[in-house]
Amino acid sequence: MVEIVIMLLPVAAASGWYVASRHYKSKIKKPSNEYKGYFKGLNYLLNEQHEKAIDVFIDLLEVDDETIETHLALGTLFRQRGEVEKAIRLHQNLIARPQISHETRENILNELGLDYMRAGLLDRAESIFLELEKKSSHQVNAVRQLLSIFQQEKEWLKAIDYATKLESIDLYKQPLLLSHLHCEVALSHISDDDSSIAKSHLRKALKIDPMCVRVNIISAEVAMLKGEHKQALKLLLKIMDQDIRFVPVFIDLILNCFDQLGKPKQKFDFLAELQVDNESTIVISRFIDVLLEQKGAREASVFMHEKLLQHPSKNYLKLYVDVDNESGDMESDFLRGIIKQLESETQSFQCKQCGFTSVDLNWCCPSCKDWGVIEPILV
Ligand SMILES: [Zn+2]
């Protein structure tokens with residue numbers, strides 16, 4: 001409410017100035033209705049009846065090109081405070097006034113469009129910004145808002161059009177956004193069983209952003225569905241050069257390919273090499289599994305003992321206990337009890353842009369809505 005009161009001061013002052021100028025021009029000695037209204041508004045303000053004060057001052061303040069900025073600022077404040085209905089009402093009232101200029105009407109329309117966006121009334125916002133897109137002074141913002149609307153409506157092809165349009169008028173390249181939009185189109189065609197269109201969009205995505213991990217994941221999953229595990233493995237191994245931090249996230253897909261291809265030695269060699277410079281608990285855990293499977297409990301226990309000495313950590317200790325238990329060590333139960341008291345950590349993700357964290361991998365941050373900004377947190 002403090003902001004509203006601060007906002008009201010210029011509104012009250014403008015109302016006072018307007019009322020006073022009208023009063024002196026008319027040379028009427030007795031207080032006019034406007035004067036009465038002004039003091040009524042002040043009275044509400046002093047008695048902390050802010051809502052009533054706002055209504056009185058807004059009614060008093062004539063809408064013209066001089067006072068419009070104050071009205072618009074108040075509308076913006078309502079929207080920012082989440083009082084969207086009030087902002088919509090204010091902007092709808094303003095736009096209905098006949099005395100406003102074309103330029104002012106466009107400014108109010110822009111604000112009303114933003115109100116509708118905030119209220120989730122995307123259809124109404126869309127028609128406003130489609131109109132404003134044709135006006136050069138509002139084009140960039142209108143295109144930006146339409147891009148956001150089409151993403152929220154999952155109209156991916158339209159979103160691609162508007163992302164491309166924004167690049168051409170704003171000269172601002174957004175390769176992450178565009179490549180993920182092409183990935184979304186590809187996914188919709190995969191579910192429609194139309195893989196040739198899907199592949200064409202995946203190619204475009206990779207051309208726009210050669211470092212897009214998601215393209216190789218989607219392509220590999222499609223190949224796996226068709227039983228083409230050799231191709232899937234080739235695609236998944238490319239992630240190593242794109243962003244190695246994503247390898248632990250998709251390691252089970254990679255290992256599944258080795259299993260399906262009947263290549264246990266290559267699987268062992270891949271993990272043995274990967275674990276050398278990788279401290280991910282997931283990678284170490286999978287290496288322990290192949291050690292147990294292919295070399296036995298003794299070798300796995302020796303490896304984990306060494307690893308724990310090199311990098312003492314709660315997760316490594318847990319792995320060590322698990323391995324040691326395989327060889328029937330009495331210490332294992334005791335250590336396991338202690339570890340249970342400690343919080344176990346699972347794979348989680350964080351947005352490098354806004355800091356949002358989650359246990360699920362979102363390619364588009366649910367908080368800041370940017371694409372390709374979520375990164376795995378090392379566990
Ligand atoms: Zn974010």
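In this structure, is Ile190 over 23 Å from Lys352 (Cα atoms) and either of a type in the set (A, V, I, L, M, F, W, C) or without any contact (Cβ under 8 Å) to a residue 40 or more places away in the chain (or both)? Yes; evaluated as a whole, the condition is true for this residue. Every condition in (1) at pLDDT 90 or above; (2) not in a helix (DSSP H, G or I) is met by Ser148 except one, and the failing one is (2).
Out of the residues in the stretch 357-371 meeting the condition of being in a loop (DSSP other than H, G, I, E, B) and polar (S, T, N, Q), tell me which one is surrounded by the most Cβ atoms within 10 Å (Cβ to Cβ). Before the answer, list the steps.
Step one: list which residues in the stretch 357-371 are in a loop (DSSP other than H, G, I, E, B), which gives 359-363, 365-370.
With polar (S, T, N, Q) added as a condition, the list becomes 362, 367.
Details: Asn362: 14, Ser367: 16.
Filtering first and then ranking leaves Ser367.
The residues in the stretch 363-375 that are farther than 15 Å from Ser179 by Cα and more than 9 Å from the ligand (Cβ to nearest atom) can be counted, and the count is 1.
Here Pro98 meets each of (1) without any contact (Cβ under 8 Å) to a residue 12 or more places away in the chain; (2) in a helix (DSSP H, G or I) with one exception, condition (2).
The values are calculated or read from the model by the stated rules, or taken from the named source; none is laboratory data. Remember, predicted model here, so these are calculated numbers, not experimental data. For neighbour counting, all protein chains shown are included, and Cβ atoms are generated from backbone atoms with ideal geometry for every residue, glycine included.
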